[in-house]
Amino acid sequence: MNCPELLRTQAFLDGELTGDAAREAELHIATCDECRAFSARAAELSDAMRANITQHRAPQALHNRISALLDKEDAPVAFIPRWRQREFWTGAFSGIGASALAAALTIFVMLPPSAETLAQSVADAHTNALMSGKVIQVASSSHHTVKPWFAGKVEVSPPVADFAQQGFPLIGGRVDKVAGSRAAVVVYNHGRHEIDLFVWPDKGARLPGESTRHGYHAIFWKNGDLNFAAVCDMEGAELHKFVNLVRTESD
Amino acid sequence: MPHLDAAYNLARWLTRSPTDAEDIVQDAMLRAFRAFDGFRGGDAKPWLLAIVRNCWRNAGADAKRRAQTALPQDDDGGLVSTDPDPEAIAMDASQSRKLDEVIALLPNEFREVLVLREMEDMSYREIAEITGAPIGTVMSRLARARTMLRERWTARDLV
Ligand SMILES: [Zn+2]
């Protein structure tokens with residue numbers, strides 16, 4: 001019903017997004033019926049407002065009265081000249097560029113990441129961990145060791161279970177990042193494959209479902225206030241089997 | 001006097017009363033003048049609008065109560081029901097009046113973000129500074145304000 005990207009779409013329409021963020025929003029609007037309808041309605045409404053709304057202008061009497069009052073003000077000498085300078089009121093100050101940039105960054109950071117960003121992000125994190133050989137920060141096949149290890153390191157408490165009997169032994173865990181959020185990663189083995197189970201707090205992001213990035217498959221899902229992604233280089237059916245185990249255990 | 005019209009427009013939309021708006025703007029301009037030390041550069045317009053909004057808040061429950069009763073009270077129902085020509089209703093003047101009324105009736109927190117965004121062209125960050133609300137709140141209020149406005153506006157078209 002309510003698209004989780006609606007605020008991003010609105011930010012795009014309001015000209016608050018630039019660069020990649022704007023392109024992503026545009027792409028999303030092209031593929032989302034709800035956001036496309038929202039855009040059309042917002043444009044119509046904005047046009048109607050700008051054309052029809054009464055823009056009140058200060059009455060001349062008010063203008064005169066305030067001028068007279070300000071003339072009587074006993075202002076410290078230091079700021080009278082600046083008050084009279086045009087720049088004071090027109091805002092020709094340095095630092096505007098910086099604050100506009102900060103604003104764009106703030107909005108980009110606080111919006112939930114897009115599905116595209118998430119798909120790329122878990123694949124990148126998985127690859128980086130494999131390449132640097134730092135897949136595991138705590139090595140243990142016991143959930144009594146792995147689960148408490150996360151406490152204080154991440155804001156989530158991930159479900160941790162050993163699925164050795166089903167062919168997916170628990171081998172450890174690490175802390176990583178998904179699209180800027182700290183995530184708990186529970187690591188499993190399956191034959192020669194390593195499976196990363198990312199768990200991070202749900203901030204209302206739309207999840208990709210399934211994705212494949214540079215040879216790694218990922219399956220995403222939500223449970224309660226947590227987001228999950230299982231990432232591995234093995235084929236879909238085996239990964240689905242693993243996901244079903246995790247979901248049965250934690251649901 | 002720079003931004004006086006913007007200050008007055010915002011005050012008018014917040015108070016929904018010409019008299020209250022004048023009082024508030026006068027108060028705000030004096031405060032802006034005296035508080036100039038607190039101005040840290042940047043664009044003066046959002047800074048001044050923030051002062052206008054504070055003056056309006058400080059004016060308190062009393063002014064707000066008066067504003068409630070000072071809503072546009074023209075005989076809207078009568079006019080619409082006796083007007084035989086639907087096209088006449090859609091004319092610019094009445095269109096404008098209707099939209100004005102619908103906006104005037106929006107709850108304060110939604111009306112102010114809408115006016116700041118659509119009429120004063122303030123950015124999200126500026127609206128956040130003026131209203132003292134986090135940017136996320138500004139965004140969700142704006143979305144809600146637009147939905148409410150849209151619903152009420154089209155509902156009135158069908159009368
Ligand atoms: Zn959408």
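The values are calculated or read from the model by the stated rules, or taken from the named source; none is laboratory data. These figures come from a predicted structure and were not determined experimentally. Here the Cβ is made from the backbone with ideal geometry for all residues, glycine too, and neighbour counts use every protein chain on show. These area figures cover heavy atoms from the full protein model, side chains too; ligands, DNA and RNA do not enter into them. Shrake-Rupley method; radii C 1.70, N 1.55, O 1.52, S 1.80 Å.
For residue A:235 and residue A:249 in one chain, what is 0.36 nm times their gap in residues minus the Cα-Cα distance, to one decimal in nm?
2.8 nm
Which lysines have a Cα less than 19 Å from the Cα of residue A:222, not counting those fewer than 8 places away in the same chain?
Excluding near neighbours in sequence, the set is A:177, A:203, A:241.
With a 1.4 Å probe and all protein chains kept in place, how do A:216, A:188 rank by accessible area, largest first?
Correct descending sequence by accessible area is A:216, A:188.
Determine the residues within region B:117-147 where the difference in accessible area between the chain on its own and the full set of protein chains amounts to at least 30 Å²; count protein heavy atoms only and use a 1.4 Å probe.
By number: B:117, B:118, B:119, B:124, B:125, B:135, B:139, B:143, B:146.
Using protein heavy atoms only (no ligands, DNA or RNA), what is the total accessible area buried between B and A, 1.4 Å probe, nearest 100 Å²?
When B and A are taken together, about 4900 Å² of accessible area is lost.
Just the accessible area for residue A:248, please: 1.4 Å probe, Å², rounded to the nearest 10?
The accessible area comes out at roughly 110 Å².
In region A:6-52, what percent of the accessible surface is made up of carbon and sulfur (1.4 Å probe, ligands and nucleic acids excluded)?
After summing per-atom areas, the C and S share lands at 55 percent.
Run through region A:152-219 and list the trypsin sites (Lys or Arg not before Pro) located in a DSSP loop whose Cβ has at most 16 other Cβ atoms within 10 Å.
Listed in order of number, the matching sites are A:153, A:192, A:203.
Residues of region B:42-61 losing 50 Å² or more of accessible area relative to the isolated chain, 1.4 Å probe, heavy atoms only?
Listed by number, the residues meeting the 50 Å² cut-off are B:42.
Within straight cross-link reach of residue B:98, meaning Cα distance under 26 Å, which lysines are found once same-chain residues fewer than 8 apart are removed?
B:64
If all Cα-Cα distances of region A:6-52 are sorted into 5 Å bins from 0 onward, what percent lands in each bin, rounded to whole numbers?
All Cα pairs considered, the percentages come to 5, 24, 29, 22, 12, 6, 1.
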